[in-house]
Amino acid sequence: MLLAAGALFASPAHAQISNVDPNDAIDADLGTPPAGPDTSLEAAPMAQDETAMQDGVPTEATAADGSVAEPSVAPAQVAVPTGDTYQEDDLIGAAEGVFGKGAQALGLLIEDILKKQGRPNGYIVGREGGGAFLVGVRYGSGTLNHRVEGEKPVYWTGPSIGPDAGASAGNTFILVYNLYDTEDIYERFPAAEGVAYLGGGFNASYLRRGNVVLIPIRVGAGLRLGANVGYMRFSKKQRWLPF
């Protein structure tokens, strides 16, 4: 009976005993920790060429590697005015028609003028002749080629004064700058030049009236030496009076 009573007393006691982990018991007192962020769904990285919108305004897009993507912008169309000036090849070709293709030094002179002054919007091809003994005179005629208004006849005369003596005649090629109205060519342009023709030669000078600039290039034959100041007067018809 004592054995039976001991078995009955030991059986429920054994049923009530369970193994407890001390660490679990301590953690239980702290409560259940909050659930961590759900990492099962990763946010899709923004494409590099995709633009984010904020309040209807496009903002900078961020690529997957953290760099800021440049906004996609179409290249701007730069308006470059064309057709209002003469190209270098056009001018050299026109000069060769006046002076001949063998005038290599003149071609280099024209190239140097274009580098310094830019491209003109007109030029004159023609012939002229003149002479001087302290007081001089010149007469010329040709064709004004304007990039916008086309071809127009032009004549010129020019008195001069200075230590200049001799006579010369030859071809003339005049570069014309800033001539937006061909009527502005028919005026007096102050001139100064040095001349040295010993059988033949060429020279270039610089004339200006307002914004219009003329650069005559002359190739002449004759005997003339000196320097002078004066002016060139351009007209629509031939004039015999040089003034």
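The values are calculated or read from the model by the stated rules, or taken from the named source; none is laboratory data. Predicted model, so just to flag it, every value in this text is computed and none were measured. Note that each Cβ is placed from the backbone with ideal geometry, even for glycine, and that neighbours are counted across all protein chains shown. Surface accessibility is based on the protein's heavy atoms, side chains included, excluding ligands, DNA and RNA. Shrake-Rupley method; radii C 1.70, N 1.55, O 1.52, S 1.80 Å.
Quick check for you: with a 1.4 Å probe and neighbouring chains kept, what is the accessible area per residue of the range 160-243, in Å²?
Values: 4090 Å² over 84 residues.
Heavy-atom accessible area per residue stands at 49 Å².
Could you work out how much longer the chain between Phe243 and Asp184 gets when fully extended? Use 0.36 nm per residue separation minus the Cα distance between them, nm to one decimal. Working shown, then result.
Details: separation 59, 0.36 × 59 = 21.24 nm, distance 1.81 nm.
Separation in residues times 0.36 nm, less the Cα-Cα distance, equals 19.4 nm.
Calculate, for Ala227 and Lys115, the FRET efficiency according to 1/(1 + (r/R0)^6) with r their C-beta to C-beta distance and R0 30 Å; round to the nearest 0.05. All intermediate terms of the calculation are to be shown ahead of the outcome.
On the way: r = 26 Å, r/R0 = 0.87.
It comes out at approximately 0.70.
On a C-alpha basis, how far is the centre of the range 145-161 from the centre of the range 179-226 in Å? Whole number, if you could?
Their Cα centres are 11 Å away from one another.
Going by average Cβ neighbours within 10 Å, how do the peptides 104-111, 123-130 rank, with the highest at the top?
Details: 104-111: 14.6, 123-130: 20.5.
Packing order, densest peptide first, comes out as 123-130, 104-111.
Estimate the FRET efficiency between Thr85 and Ala167 by the formula 1/(1 + (r/R0)^6), using the beta-carbon distance for r and 51 Å for R0, to the nearest 0.05.
Details: r = 36 Å, r/R0 = 0.70.
So the FRET efficiency works out to roughly 0.90.
Can you give me the long-range amide H partners of Leu179? Hydrogens built in the peptide plane at 1.01 Å from N, cutoff under 5 Å, separation of 5 or more residues or another chain.
Here the answer is Asn121, since their amide H atoms fall under 5 Å of that of Leu179.
Which is farthest toward the positive dipole end of the range 112-164 among Leu144, Trp156, Leu134, measuring Cα position about the Cα centre, with Cβ charges +1 (Lys, Arg) and -1 (Asp, Glu)?
Positive-end residue among those listed: Leu144.
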